[in-house]
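Have a look at the structure below before the remarks.
We did not get these values from a lab; they are worked out from the coordinates using the rules stated. Computed from a predicted structure; not experimentally measured. Quick reminder, even Gly has a Cβ in these numbers, built from the backbone with ideal geometry, and neighbours come from all protein chains shown.
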Amino acid sequence: MKKLVLIILLFAVVSCKYDNHKQQYFFAKFAQWDSQLPDQYLQIADSLSLIKPDELSTKNRHYHTLLTSISGAFSGRIMSEDSALNIAKNWYQARKDFRNACRALIFNSSNLDKQYERLKEAEDLFVRHKVNDPLTEAYLYMYLSESIIRPSSGVSLSRQTALQKSEVFKRLSVSIFKNIGRLRDAQNLLINSYSRQMFISREKQLESLKEIESFDTIYPEVRSKLLINYANYYFSINDTVGFKYLRDFLNYKDNNFFEQLSEKSILLRMSEEYRLIGKMDSSLHYATLYNNHLLELPSVEFNGYRNLSLVYEAMGDIKNAYKYLQLYQRSYNYKQSSQYQDVLLQKIAAEKEHAKQVKQLQRERSAALYGSALVIVLLFATVGLSLFKNRRGSIGNARAEEEYKAQIAELNELYKRSKFTNEVLKASAGLMPVFIDSMAKEAARSRKVSGETFDNILNNISSLRQSGRDIISDIAKSEEFAGFFPEIASYKELSSYERVVLALFEMGYSPKEISNLISTTPASVRSIKAKIKDKLPSLSMSGEGENQAEDN
């Protein structure tokens, strides 16, 4: 039995040390990702999705939830539900970590109708507790500037007042971004908020665009949107300068905005704008480019024929207008036919087969490469092993013996430490029932003085006893307990608390020793033992009839 206890203790110590190191590693990794999150949120979101929250401690699980929420907010994802994030927010707030509590409120992207309320709560926490985090403060005011003008936010302000407050929040955010050197964020905030300025004068709209252009360096995604917004502005005042900005957009080399606003839409826009001002030759030129571009796409679209028909109709060329309208109708009807669908399915199947063959070829090349590397490594390992065996001799044996002795010494030291710790726990644990009984007696004496004090003391004693039972019950729910005592873990008739007591009896402890370990009285332990025997009549419990003198 003593050997079994020693093995259990050793296993528990090693498991605890391993889990502790594992959680420290996760926390350090999360902290590193946290510092990189504003610039690498897509890659970090992918890394976070590979981690199972069940493997994390409470602290790391809440950190994981928070970082997942922030990366999702940066990438524009809407959360389906926020229960885990709300739990994390309350956990951080209970521990006075107001920075992370604020971040849990700011980057909560679920139920946007209540976003303004959450942001105002975050602002109150931020100001009241003097949180020192300029970057989070900048994002707070950025989101406030967006949410206050959302019609569904429930803000009881006029449209004009909401727009004015939105502008104040935006200016605060831009100023903070500039002060901490986050110019990309400042530029993106300015360009993205431009669409909300439709209610202000043309002069103010132009000032906003000029403000963005005044930066020494304009980032590529901001430059693309700036060119489009300049074009929209000039077209809105019937100024042909808008065409210059559309051409600049088409020629811009670092244009990543094409993923959202493709070349075909710009060609169509230019054709339509030229048609509106009566420049039919230019309209026809860009309509032809638009049509050719569509026909070159893998999906083969035919809307270009329809646009050409509209241009020829505006030019008064009814013959060509009718020709391209017929082409559009025939193409549209063909695209809806089963023949086209069959061709499309065959094409998709051919593309999938080609992709499959490419992957297979890549796998074969990788296998050949790894195989060659493995042969080389094995060759060197064989040569090295031969040399090592020739030189090892007695020195190797002596070293192995020393390592074995060191391991034995380490195990002895670990046993000594565990044994001493167990004795200390046994000596101190028995004091808790005595203390609780003393407090109960003192409470009874104080009842004459104050009934409220008496009730409070009894409630605290009851809460303390219940907390102790809950902590001990959690032991029986762990995987380690099921591994150590599989048979006891299978007794579903018993409560978790009773399974722990039964395990202690099986290990040879007396009721008095058990009462010391779980901070209760020997009588309570014997009562629990009787309940276990009632639930499991066929069970033969260890220690029956032993240690009676000690019990008394």
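Given R₀ = 51 Å, what would the calculated FRET efficiency be for residue 526 paired with residue 23, taking r from the Cβ atoms and rounding to 0.05?
With a Förster radius of 51 Å, E is 0.80.
Subtract the Cα-Cα distance of residue 132 and residue 364 from 0.36 nm times their separation in residues, and report this length gain in nm to one decimal. If you can, show how the numbers build up before the last one.
Values: separation 232, 0.36 × 232 = 83.52 nm, distance 5.46 nm.
My answer for the length gained is 78.1 nm.
If each of residue 345 and residue 32 carries a label point 7 Å out from its Cα toward its Cβ, how far apart are those two points in nm?
5.0
Report the calculated FRET efficiency for residue 152 and residue 480 (r = Cβ-Cβ distance, R0 = 41 Å), to the nearest 0.05.
The computed FRET efficiency comes out at 0.25.
Can you sort 146, 353 from fewest to most other Cβ atoms within 10 Å of each residue's own Cβ?
Ordered by Cβ neighbours within 10 Å, fewest first: 353, 146.
Between their Cα atoms, which of 29/89; 165/225; 165/244; 405/477; 22/96; 22/405 are more than 30 Å away from each other?
Violating the 30 Å Cα-Cα cut-off are 165/244; 405/477.
Check each of the trypsin sites (Lys or Arg not before Pro) in region 95-172 and keep only those in coil by DSSP with at most 16 other C-beta atoms within 10 angstrom; list them in order.
Numbers: sites: 95, 96, 99, 103, 114, 118, 120, 128, 130, 159, 165, 170, 171; in loops: 95, 96, 130.
Taking region 95-172 and a limit of 16 other Cβ atoms within 10 Å, the loop trypsin sites (Lys or Arg not before Pro) found are 95, 96, 130.
Given C-alpha coordinates of region 72-187, what is the ratio Rg to Rh with the Kirkwood estimate of Rh?
0.96
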